[in-house]
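Read through the structure below, which is laid out as structure tokens, and then see the notes.
Nothing in this text is a laboratory measurement; each read-out follows from the coordinates by a stated rule. All of these numbers come straight from a predicted model, not from anything done at the bench. Methodologically, a virtual Cβ is constructed for each residue, glycine included, from the backbone with ideal geometry; neighbour enumeration extends over all protein chains shown.
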Amino acid sequence: MSMTDTPADFIHATLRAIGKARRDMSNYPPGVTGNEFAIAGPDYEKESDLPCGKCGGPTMELGYRHERWIACQCGWTTDAEEDEPDPDRAYDEARDRMMLDE
Ligand SMILES: [Zn+2]
């Protein structure tokens, strides 16, 4: 095994592949066409502290646009908490309310 071929690298590569494979399922993020997700794959990823809910193994947090989810190499996924407020979404909602009040 070389220095670059670590188990962590293997896990990350596997989880990236799982992220791209989500295009074959019906539950890819709302508003995302399977086509663009297939080309780009997840546009956000970091190591997650959350253990897998199925096998207890290490997981990665993956994201696409405003969606975030946790993925394990065994194929388990769950929605990630959205801990950052989304100013664009709040603005859109406020504007929609104002338009409805007119
Ligand atoms: Zn797992």
Exercise. What order do you get for 10-20, 69-79, 90-100, 46-56 when each peptide is scored by the mean count of other beta carbon atoms within 10 Å, highest first?
Worked result: 69-79, 10-20, 46-56, 90-100
Seminar exercise, completed: Under the 7 Å Cα-to-Cβ spin-label approximation, residue 20 and residue 97 lie apart by a distance in nanometres of 4.3 nm
Problem set entry | Calculated FRET efficiency for the pair residue 49/residue 88, C-beta based, R₀ 22 Å, to 0.05 | 0.25
